[in-house]
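Working notes for the structure below.
The values are calculated or read from the model by the stated rules, or taken from the named source; none is laboratory data. A quick note: this is a predicted structure, and the numbers were derived from the prediction, not measured. Virtual Cβ from ideal backbone geometry, glycine too; neighbours counted across all protein chains shown.
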Amino acid sequence: MKPTSAARVFILALALAAVFGFTTPEAHAASATGLPWESSLQTLQDSLSGPVAMSLSVISIIIFGSMLIFGGEISQFGKSMCMVALVIALVVSSQTVLSTLFGVSSSVVPL
């Protein structure tokens, strides 16, 4: 009896999975040196969660919040930009605020 087209595809996929699954573990391991852009991203992450970012976010919350409260004749575009600046400031400062208030860090813990 001749296998159907779906059975051929399944057998081929199973054979490819076996070949790629049993290759050497070194082929799937990460390199020891890391990728070239990892140090830049780590520096950016440190900058966005440091004390300078926290103070800038507090200053921008005060400035843009007072612009929305006492702004008077701000166009709808100006109000929208103030809202965007407030959201960005809150996102930047949320990690520090959460760790200060609740004593927890913002990390993913595997179960």
Within the stretch 67-99, restricting to residues that are farther than 29 Å from Leu44 by Cα and of a type outside the set (A, V, I, L, M), the one that is nearest to the chain's Cα centre (by Cα) is Phe77
The condition of being surrounded by 11 or more Cβ atoms within 10 Å (Cβ to Cβ) and either part of a helix (DSSP H, G or I) or modelled with pLDDT under 80 (or both) holds, among Val9, Val19, only for Val9
Going through (1) modelled with pLDDT of 80 or more; (2) within 30 Å of Cys82 (Cα to Cα); (3) among the hydroxyl-bearing types (Ser, Thr, Tyr) one by one, Ser39 fails only at (2)
**Prompt:** For the stretch 46-58, does any single residue satisfy the condition of being under 20 Å from Thr100 (Cα atoms) and of a type in the set (Val, Ile, Thr)?
**Reply:** yes
Residue count, the stretch 47-88, condition modelled with pLDDT of 80 or more, of a type in the set (Gly, Ala, Ser) and either surrounded by 13 or more Cβ atoms within 10 Å (Cβ to Cβ) or in contact with a Cys (Cβ under 7 Å, 6 or more places away or on another chain) (or both), comes to 4
Filter the stretch 100-111 for residues that are assigned to a loop (DSSP other than H, G, I, E, B) and over 16 Å from the mean Cα position of the chain (by Cα); the one that is modelled with the lowest pLDDT is Leu111
